[in-house]
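The structure appears below as structure tokens.
The values are calculated or read from the model by the stated rules, or taken from the named source; none is laboratory data. Quick caveat, the model's predicted, so the values are computed rather than measured. For neighbour counting, all protein chains shown are included, and Cβ atoms are generated from backbone atoms with ideal geometry for every residue, glycine included.
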Amino acid sequence: MTDEKAGTDEGANRMTGAEMVVRALVDNGVQHVFGYPGGAVLPIYDELFQQEEVEHILVRHEQGAGHAAEGYARSTGKAGVMLVTSGPGATNAVTALQDALMDSIPLVCISGQVPTTLIGSDAFQECDTVGITRPCTKHNWLVKNADDLPRIIHEAFRIATTGRPGPVVVDIPKDVQFAEGTYAPPSPVFEQKSYHPRTKGDGDQIRRAVELLANAERPVIYAGGGVINAGPRGSERLRELAALGGIPVTSTLMALGAYPASGENWLGMLGMHGTYEANMTMHGCDVMLCLGARFDDRITGRLDAFSPGSKKIHVDIDPSSINKTVRVDVPIIGDCASVLDDMVRLWRAGPGERGRTDVGPWWEKIDGWRARKSLAYKPNRDVIMPQYALERLHAATKDRDTYITTEVGQHQMWAAQFYGFEKPNRWMTSGGLGTMGYGLPAALGVQIAHRDSLVIDIAGDASVLMTMQEMSAAVQHEAPIKIFIMNNQYMGMVRQWQQLLHGNRLSHSYNESIPDFVKLAEAFGGVGIRAEKPDELDDAIAEMLAVDKPVLFDCRVANLANCFPMIPSGRAHNEMLLPDEASEQAIEQAIEADNRSLV
Amino acid sequence: MNAQQQPTGSAYFITRETESAERHTLSVLVDNEPGVLARVIGLFSGRGYNIDSLTVSETEHDAHLSRITIVTRGTPQVLYQIHSQLERIVPVHRVVDLTVVAKDLGHEKPLERELAMVKVRGAGDDRVEALRLADAFRAQVIDANKDHFIFEITGRVSKIEQFIAIMQPLGLVEVCRTGVAAMNRGPEAM
């Protein structure tokens, strides 16, 4: 006994694996963990019970824990943390892990595993967690010795949050959680020898990029999630550069808010459901600056007709994003904020305030495209148009401290088109994976991080049912999230594609028995509100905002509205389907089908 | 009325490959830790890349580094993607496209060698012929009794292919190959 006390530090740092997990979380700045207990993580839960530094948020399904942690991460810029048990706990986390991988969200998942002695024996609640999660994580570990635990957890946080952020899994067998080892706090010098993300862009390439942009007659900035991931400085510099060069700015779904929607250079989102002006600007530009975006297929349209006449500059922290689908002329590997710092500095030193070219004629052309009003919709006095609902929601919430999450589908695209974002980290949506059910738990995560803010999940009636059980978690944790359900009783986007591609045969895209969302909210201990007519909407929204509890808002919108404008598959940016050209026929066809499917 | 408005009938833009595929040999230096080979192989299967040959062994014991040699096939763009994607794997230290380096050095391709064991069963003239041909190919006899030989042959892939083809009618019963090991000429390390 006396021997042990001799080395005080050594003694204090001797602890069980489970204690180390909690200690390492605290040392990595973690304040909240989203999780669900089970046999293989009980030792860690026991440690959580005996401390107060880390708050545990109990969800109702591990997928919910993952999306909540994603929302938390996206809205704070910190890593989100989830804690799940072995077997089904880990497999339920897979959707959220892949979601975080595709949207580059820093997510640390700690999973319990059966004891090392039972691994491979098909034990109760055993699964090959590292095998299953290998392709859906940035990296993962199976920890076989308690002494390795602190190093691995610190590495996990570093890998999740640096370079191109992403999800990681640390799988910890139960006997390792019980075993004693020596804890070491995170070291400022990192031991990993094989992982070196580059953040500083190549000077010569940045100079070339600035020259190209400054001499462009028809420039455009195409911003992506990398600008948001680069932190607030990324968005600030983007705004500065756009102002310096008078450069029009469009962004992907992931980057909404990086440039303010009220900013004069803003074109709206680009891509399949982007604005006409954004897509035409991309198509007609002579120099494109792609910042932290990856030329996704929803963005480019037909690849061989994508922005045919432009020189392309691509800034990305991930070298594998460069030249993946679109060949670029000036590749710059680095962090968007760092590269933009350099670009703005060089621009000020060189081309100066106005650049070298007159972009006036280019803006005249863009204003012509803007005048096309591609987001116009037919107002309706009897039925709430989904676009109208979002305009009213925006009007009622834009002056508040608001965070928006969404599910996936038509409502998500309408939210992107109609809810104007002014700041980064205010918009949480599942872009790459397109995970229906993302928004409700993500809103929970955002609300936990921002207790006093207004958090709204703009939802669809089909998506929201996929993770509805997290209402229960929101009630338990007094997270007054507002679930604004655009209820059209269809899987609207599925139906839209069936109308466009499959002869209007609406195969299984109609939900026969949607629950009564008002009663459902009450059953969960929340508040239910319904709006059925346009003239009820403003009051109902005000009522929702006044409630300090989780709300399910059943907004009955036009059932058969479709999401336009749209680049149909196989078409280029300049071949958009505009609402006034296409919706009539599509809606007409849909009504017949409606008659067939409604009793 | 049900006329399709879309030419492809798909939600995705399907483009055709226009560039022709090349065969490249990559050297990948990785931490020798559990699962690292699965990460590399999983990348190839998950992203639809080809593996013609793959060999792996620990080459630096003190540093616990293994060298994986992969022979793959793809358009220049795909090969560049494979390179970048491999570098994203956390325990990967370095990726070198030996074929590209060989060309930079003025060679047609890197030095590539493979070892094969070839079991041939037969009697009479066939047996004599097998031994004679093995000698011509500089294959070693590493096991034999009165009705079989096991040859060990080392060389370029084409030589081994040829040897196996020749042995086929002479009673070939079993082949085991190591896959390609490769490095570039000259004094420089990878």
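Say whether the condition of being in contact with a Ser or Thr (Cβ under 7 Å, 6 or more places away or on another chain), closer than 20 Å to A:L244 by Cβ, of a type in the set (D, E, K, R) and away from every other protein chain (no Cβ under 14 Å) is met by at least one residue in the stretch A:285-296. Yes: one or more hits.
Hey, among the residues in the stretch A:452-468 that are crowded, with 24+ Cβ neighbours inside 10 Å and among the hydrophobic types (A, V, I, L, M, F, W, C), which one's farthest from the chain's Cα centre (by Cα)?
Within the stretch A:452-468, the first condition is being crowded, with 24+ Cβ neighbours inside 10 Å, and the residues that meet it are A:455-464, A:467.
Now drop any that are not among the hydrophobic types (A, V, I, L, M, F, W, C), which leaves A:455-456, A:458-459, A:462, A:464.
Numbers: A:V455: 15, A:I456: 14, A:I458: 13, A:A459: 14, A:A462: 19, A:V464: 16 Å.
Result: A:A462.
Are any residues in the stretch A:300-316 more than 11 Å from chain B (Cβ to nearest Cβ) and within 17 Å of A:G226 (Cβ to Cβ), and if so, which ones? Residues satisfying the conditions are A:K312, A:I313, A:H314, A:V315.
Residue-level analysis places A:T95 among those that are away from every other protein chain (no Cβ under 14 Å), modelled with pLDDT of 95 or more and either buried (at least 18 other Cβ atoms within 10 Å of the Cβ) or assigned to a strand (DSSP E or B) (or both). Residues in the stretch A:203-240 that are under 29 Å from the mean Cα position of the chain (by Cα) and either of a type in the set (A, V, I, L, M, F, W, C) or not assigned by TED's automatic domain parsing to the domain that holds A:D341 (or both): 9 in all.
The rows are residues; the columns are (1) in contact with a Pro (Cβ under 6 Å, 6 or more places away or on another chain); (2) outside any strand (DSSP E or B); (3) at pLDDT 95 or above; (4) more than 17 Å from A:M82 (Cβ to Cβ).
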residue: A:C109; (1), (2), (3), (4): no, no, yes, no
residue: A:G112; (1), (2), (3), (4): no, no, yes, no
residue: A:T117; (1), (2), (3), (4): no, yes, yes, yes
residue: A:A123; (1), (2), (3), (4): no, yes, yes, yes
residue: A:C127; (1), (2), (3), (4): no, yes, yes, no
residue: A:V130; (1), (2), (3), (4): no, yes, yes, no
residue: A:P135; (1), (2), (3), (4): no, yes, yes, yes
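For the stretch A:301-324, a residue qualifies if it is free of Cβ contacts under 8 Å to residues at least 24 places away in the same chain and either within 18 Å of A:N215 (Cα to Cα) or outside any helix (DSSP H, G or I) (or both), and the qualifying residues are A:I322, A:N323.
Cβ-Cβ contacts under 6 Å between residues 6 or more apart (or on different chains), taken from a first residue in the stretch A:365-386 that is farther than 30 Å from A:P219 by Cα and in contact (Cβ under 8 Å) with a residue 60 or more places away in the chain to a second residue that is of a type outside the set (S, T, N, Q) and part of a loop (DSSP other than H, G, I, E, B), are listed as A:V383/A:A558; A:M385/A:Y377; A:M385/A:A558; A:P386/A:A561.
Residue by residue through the stretch A:379-411, note down the ones that are under 23 Å from the mean Cα position of the chain (by Cα) and not in a helix (DSSP H, G or I). Correct list: A:K398, A:D399, A:R400, A:D401, A:T402, A:Y403, A:I404, A:T405, A:T406, A:E407, A:V408, A:G409.
Could you please let me know if A:I57 is β-branched (V, I, T) and in a loop (DSSP other than H, G, I, E, B)? Steps first, please.
Working: β-branched (V, I, T): yes; in a loop (DSSP other than H, G, I, E, B): no.
Spelling it out, it is not the case that A:I57 is β-branched (V, I, T) and in a loop (DSSP other than H, G, I, E, B).
Being free of Cβ contacts under 8 Å to residues at least 60 places away in the same chain and in contact with a strand residue (DSSP E or B) (Cβ under 7 Å, 6 or more places away or on another chain) is the filter; apply it to the stretch A:146-160 and report the residue that is farthest from the other protein chains (Cβ to nearest Cβ).
Going through the qualifying residues, I end up with A:D147.
Restricting attention to the stretch A:170-215, the residues that are in contact with a helix residue (DSSP H, G or I) (Cβ under 8 Å, 6 or more places away or on another chain), away from chain B (no Cβ under 14 Å) and either in a loop (DSSP other than H, G, I, E, B) or of a type in the set (S, T, N, Q) (or both) total 11.
With respect to the conditions (1) closer than 30 Å to A:D316 by Cβ; (2) surrounded by 19 or more Cβ atoms within 10 Å (Cβ to Cβ), A:S111 falls short on a single one, namely (1). Among the residues of the stretch A:325-345, not a single one is free of Cβ contacts under 8 Å to residues at least 12 places away in the same chain and within 14 Å of chain B (Cβ to nearest Cβ).
Restricting to the stretch A:323-355, give me the number of residues that are of a type in the set (S, T, Y) and closer than 20 Å to A:D296 by Cβ. Talk me through it step by step, then tell me what you get.
Step one: of the stretch A:323-355, the residues of a type in the set (S, T, Y) are A:325, A:338.
When the remaining residues are screened for being closer than 20 Å to A:D296 by Cβ, the result is A:325.
Of the residues in the stretch A:323-355, 1 are of a type in the set (S, T, Y) and closer than 20 Å to A:D296 by Cβ.
Which of the numbered conditions does A:K174 fail, given that it passes all the others? Conditions: (1) under 28 Å from the mean Cα position of the chain (by Cα); (2) in contact (Cβ under 8 Å) with a residue 40 or more places away in the chain. Among (1) under 28 Å from the mean Cα position of the chain (by Cα); (2) in contact (Cβ under 8 Å) with a residue 40 or more places away in the chain, A:K174 violates only (1). Every residue in the stretch B:73-111 that is in contact (Cβ under 8 Å) with a residue 60 or more places away in the chain, closer than 14 Å to B:L29 by Cα and more than 7 Å from chain A (Cβ to nearest Cβ), please. B:L86, B:R94, B:V95, B:V96, B:D97, B:L98 - these are the residues of the stretch B:73-111 that are in contact (Cβ under 8 Å) with a residue 60 or more places away in the chain, closer than 14 Å to B:L29 by Cα and more than 7 Å from chain A (Cβ to nearest Cβ). Only a single criterion out of (1) within 13 Å of another protein chain (Cβ to nearest Cβ); (2) crowded, with 23+ Cβ neighbours inside 10 Å is not satisfied by A:L142, namely (2).
Please indicate, with yes or no, whether at least one residue in the stretch A:196-210 is hydrophobic (A, V, I, L, M, F, W, C) and either surrounded by fewer than 20 Cβ atoms within 10 Å (Cβ to Cβ) or within 24 Å of A:G432 (Cβ to Cβ) (or both).
In the first step, residues of the stretch A:196-210 are kept if they are hydrophobic (A, V, I, L, M, F, W, C); the result is A:206, A:209-210.
Now narrow it down to the ones that are either surrounded by fewer than 20 Cβ atoms within 10 Å (Cβ to Cβ) or within 24 Å of A:G432 (Cβ to Cβ) (or both): none.
No, the stretch A:196-210 contains no residue that is hydrophobic (A, V, I, L, M, F, W, C) and either surrounded by fewer than 20 Cβ atoms within 10 Å (Cβ to Cβ) or within 24 Å of A:G432 (Cβ to Cβ) (or both).
Restricting attention to the stretch A:481-497, the residues being farther than 14 Å from A:G460 by Cα and more than 11 Å from chain B (Cβ to nearest Cβ) number 1. Residues that are among the charged types (D, E, K, R) and either buried (at least 18 other Cβ atoms within 10 Å of the Cβ) or under 15 Å from B:R39 (Cα atoms) (or both) within the stretch B:53-105 comprise B:R67, B:E87, B:R88, B:R94, B:D97, listed in sequence order. Of all residues in the stretch B:23-65, those satisfying the criterion of being touching a helix residue (DSSP H, G or I) at 6+ places or on another chain (Cβ under 7 Å), away from chain A (no Cβ under 12 Å) and without any contact (Cβ under 8 Å) to a residue 40 or more places away in the chain are B:Y49, B:I51, B:V56. The residues on offer are B:K119, B:K146, and the sole one that is farther than 30 Å from A:I159 by Cα and at pLDDT below 95 is B:K146.
Among the conditions (1) under 29 Å from A:A160 (Cβ atoms); (2) free of Cβ contacts under 8 Å to residues at least 12 places away in the same chain; (3) not small (G, A, S), the only one that A:E264 does not satisfy is (1).
Tally up the residues in the stretch A:325-340 that are assigned to a helix (DSSP H, G or I) and either under 21 Å from the mean Cα position of the chain (by Cα) or farther than 18 Å from A:R207 by Cα (or both), please. Reasoning before the result, please.
From the stretch A:325-340, those assigned to a helix (DSSP H, G or I) are A:336-340; that's our starting set.
Filter once more, so that each one left must be either under 21 Å from the mean Cα position of the chain (by Cα) or farther than 18 Å from A:R207 by Cα (or both): A:336-337.
Residues meeting the conditions: 2.
Look at (1) buried (at least 23 other Cβ atoms within 10 Å of the Cβ); (2) more than 14 Å from chain B (Cβ to nearest Cβ); (3) free of Cβ contacts under 8 Å to residues at least 40 places away in the same chain; (4) not charged (D, E, K, R) and you find that A:A349 fails only one, number (1).
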